Amino acid sequence: MTDLSTVIAGVTFPNGLMNASGALCVTQEELEALGASEAGAIVTKSMTPQARQGNPEPRYFSFTGGSINSMGLPNLGYPVYAKLIPSLRRFSKPVIASLAGLQPDDFLEGARALNEARPDLVEVNLSCPNIPGKPQIGYDFEESERLLEKLGDILTIPFGVKLPPYFDPIHHQKIAQVLQRVNIAFVTMINSVGNGLVVDPERERVVIKPKGGFGGLGGRIIKPVALANVRALWNIWGDRIPIIGTGGVENGVDVFEHILCGASAVQVGTVLVEEGCRVFARLARELAEILIRKGYGSLMACRGKLQEMS
Ligand code: DHB
């Protein structure tokens with residue numbers, strides 16, 4: 001038997017495969033379907049103080065190689081998720097609440113609501129690219145630190161951050177220093193590659209309606225960016241702060257690559273939306289196959305084992 005379990009911030013996951021926040025996790029039905037599936041955890045949609053309809057449709061488009069979205073944070077709001085979360089714990093797998101907001105004070109209000117609801121972990125989303133006029137907090141290191149310090153004073157549940165992709169080593173250094181100072185419990189990376197543009201050449205038109213067609217990219221095309229970001233933080237921290245890798249996971253080999261780079265678990269976005277919750281059983285089977293073929297007895301045994309060339 002190959003052991004696909006993992007531990008993040010002291011919480012044990014039956015396997016290290018879960019949905020990325022945003023993918024099939026807005027409604028009670030969707031969250032319960034994740035609970036009933038082979039997913040190793042349930043991650044909620046990023047939540048805001050009030051329920052939101054999100055941006056106008058079409059706002060998600062998939063193409064060969066990936067997806068683009070500008071959902072605009074459609075969600076049920078803090079109070080509804082806070083009521084739902086206790087019942088989601090009946091599925092005997094960790095529940096991760098994704099906390100967002102439209103302004104800093106929102107996050108503090110959400111933290112108080114989540115302290116009552118008691119998910120296993122909180123994933124603070126510093127990287128939503130789709131709200132017109134609101135920059136991604138994770139690209140502002142001072143603002144990120146201020147917010148996370150305040151959240152640390154409020155949250156009584158271990159919390160991590162969902163980060164955007166960074167494209168320069170100095171930015172990996174800077175965010176790593178911030179996260180160490182605030183004692184972050186884990187990191188999830190990467191969020192979608194923000195503000196990409198997909199063109200339909202026949203119609204000479206954009207493919208999604210919000211923001212003039214600009215949106216967050218996911219799926220296969222972002223995998224090298226995701227792996228680089230996971231690896232960069234692993235190179236700084238090693239096993240001191242666990243990393244949940246996300247970006248471009250379509251099959252068991254993709255999961256294996258994330259783990260080799262240093263991830264302790266992976267999240268699945270685009271391919272979950274395309275394939276539905278049965279994706280988790282397939283990924284678990286494919287990951288077990290490659291671990292066995294490579295002689296690894298467990299997921300954790302190959303974590304960070306990527307070799308550089310001498
Ligand atoms: C949305 C997209 C994101 O990438 C994110 O982190 C949060 C919200 C959205 O458009 O709903």
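Yes/no matrix, rows are residues, columns are (1) surrounded by fewer than 24 Cβ atoms within 10 Å (Cβ to Cβ); (2) within 23 Å of I170 (Cβ to Cβ):
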{"site": "A228", "(1), (2)": "yes, yes"}
{"site": "W237", "(1), (2)": "yes, yes"}
{"site": "I243", "(1), (2)": "no, yes"}
{"site": "V273", "(1), (2)": "yes, no"}
- Condition test on P58, is it out of contact with any Asp or Glu (no Cβ under 8 Å at 6 or more places or on another chain), within 16 Å of the ligand (Cβ to nearest atom) and not hydrophobic (A, V, I, L, M, F, W, C)? yes
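Do we have any residue at all in segment 164-172 that's surrounded by 14 or more Cβ atoms within 10 Å (Cβ to Cβ), of a type outside the set (F, W, Y) and within 14 Å of the ligand (Cβ to nearest atom)? Break it down into steps so the answer makes sense when it comes.
In the first step, residues of segment 164-172 are kept if they are surrounded by 14 or more Cβ atoms within 10 Å (Cβ to Cβ); the result is 164-166, 171-172.
Cutting the leftovers down to of a type outside the set (F, W, Y) gives us 164-165, 171-172.
With the extra rule that they be within 14 Å of the ligand (Cβ to nearest atom), the set shrinks to 164-165.
Yes, the conditions are met somewhere in segment 164-172.
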- Would a scan of segment 179-187 turn up a residue that is closer than 26 Å to F141 by Cα, within 13 Å of the ligand (Cβ to nearest atom) and modelled with pLDDT of 95 or more? no
- Note: among E145, E149, just one is surrounded by fewer than 19 Cβ atoms within 10 Å (Cβ to Cβ), among the charged types (D, E, K, R), touching a helix residue (DSSP H, G or I) at 6+ places or on another chain (Cβ under 6 Å) and in a helix (DSSP H, G or I), namely E145
- Item | Yes/no for F159 being loosely packed, with under 14 Cβ neighbours inside 10 Å and aromatic (F, W, Y) | no
- Message: Anything in segment 89-106 that is crowded, with 24+ Cβ neighbours inside 10 Å and within 17 Å of N191 (Cβ to Cβ)? List them, or say none.
- Response: I96, A97, S98, L99, A100, G101
- Message: Out of the residues in segment 125-142 meeting the condition of being within 19 Å of the chain's Cα centre (by Cα) and outside any loop (DSSP other than H, G, I, E, B), tell me which one is farthest from the ligand (Cβ to nearest atom).
- Response: Y139
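The values are calculated or read from the model by the stated rules, or taken from the named source; none is laboratory data. Because the structure is a prediction, the values reported are computed rather than measured. Cβ sites come from the backbone with ideal geometry, for glycine too, and all protein chains shown count toward neighbours.
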